[in-house]
Every structure is written in structure tokens, then in C-alpha cells.
Amino acid sequence: MTEPNVDPDALIREYFARPEVAARTTAELLAARKAAERPEPPLATAVPAPEFPTFGIARYHCPRQCGWWHDEPTDPGPSALIISADQAGADVGTMLSLNAKARLLALHGRVERAIGEHYAAAH
Ligand SMILES: [Zn+2]
């Protein structure tokens with residue numbers, strides 16, 4: 001909804017005259033905008049890419065290719081939607097995304113632990 005008799009140029013001048021906007025340079029504004037558009041970096045992990053020898057199984061081989069492997073189910077089943085206290089007001093999409101990230105971190109933890117135990121025992 002637009003208000004009648006509002007000069008858009010005056011609104012733009014008013015916006016750029018605000019102290020918090022005027023103090024920033026164009027380069028700073030462009031850098032902030034570019035940073036906001038940048039996707040999240042991938043998770044840092046030592047988990048190798050899995051192979052899928054049969055339906056429902058993700059197989060993680062020893063990075064040294066010694067023949068050892070660790071299997072994980074590709075579908076660990078349903079999980080309760082965990083709502084953290086600081087995300088209580090977040091929408092369902094955000095909550096699902098956070099839960100998926102938590103499950104991925106747990107998976108990486110299990111695989112890294114298995115590889116670590118194998119390394120300690122065999123290499
Ligand atoms: Zn090995």
C-alpha cells in the first residue's frame with residue numbers, strides 16, 4: 001500500500017541521511033550485502049564419502065583402503081522435533097533444518113568415532 005503525495009526521492013534522501021546509513025561507505029554496504037548472500041560453508045569433517053552397497057546402507061571405508069568399513073543406515077527412522085530454548089519462536093522450516101543439521105552432526109560423530117577406533121586398533 002502506497003501513501004499518496006509521497007515523493008520517493010525524498011524518502012531515498014531521508015534514508016541515506018540517517019546517521020547509521022550515512023556513516024557506511026558504499027564498499028561497506030556492498031560487502032555486507034555480499035556477505036549476506038554467501039552460502040554457509042560446508043561442515044568441516046573427516047568423514048569420507050560413503051558408498052551404498054545395498055538399499056538402506058551407507059558404507060564408510062577406511063581412508064587407508066585396508067578393507068575395513070563402517071555401515072550406517074541411510075534412514076535412521078523418525079526423530080522427535082527438538083526445539084531449543086533460543087529457537088522457540090522459529091518457524092517449522094527453521095526447526096526442521098536445525099534438526100537435520102543436528103542429525104548430520106551426530107552421524108559424522110558416529111562415523112568419525114568408528115574410524116578413530118579402527119585407526120587406534122589397526123593402524
Ligand atoms: Zn584401515
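Ser97 falls short on exactly one of the conditions (1) among the polar types (S, T, N, Q); (2) loosely packed, with under 12 Cβ neighbours inside 10 Å; (3) under 20 Å from the mean Cα position of the chain (by Cα); (4) modelled with pLDDT of 80 or more, and that condition is (2). Go through Gly109, Gly67, Gly56, Gly77 for me and flag whichever is within 16 Å of the ligand (Cβ to nearest atom) and either at pLDDT 85 or above or open to solvent by less than 70 Å² (accessible area, probe 1.4 Å) (or both). After ruling out the rest, the residue left standing is Gly67. In the condition set (1) touching an Asp or Glu at 6+ places or on another chain (Cβ under 9 Å); (2) modelled with pLDDT of 80 or more; (3) among the small types (Gly, Ala, Ser), Ala49 is compliant with all but (1).
The values are calculated or read from the model by the stated rules, or taken from the named source; none is laboratory data. Quick caveat: nothing in here was measured; it's all calculated off a predicted structure. With ideal geometry, Cβ positions are generated from the backbone for all residues, glycine too; neighbour counts draw on all protein chains shown. In case anyone asks, the SASA skips ligands and DNA or RNA and just uses the protein heavy atoms, side chains included. Shrake-Rupley method; radii C 1.70, N 1.55, O 1.52, S 1.80 Å.
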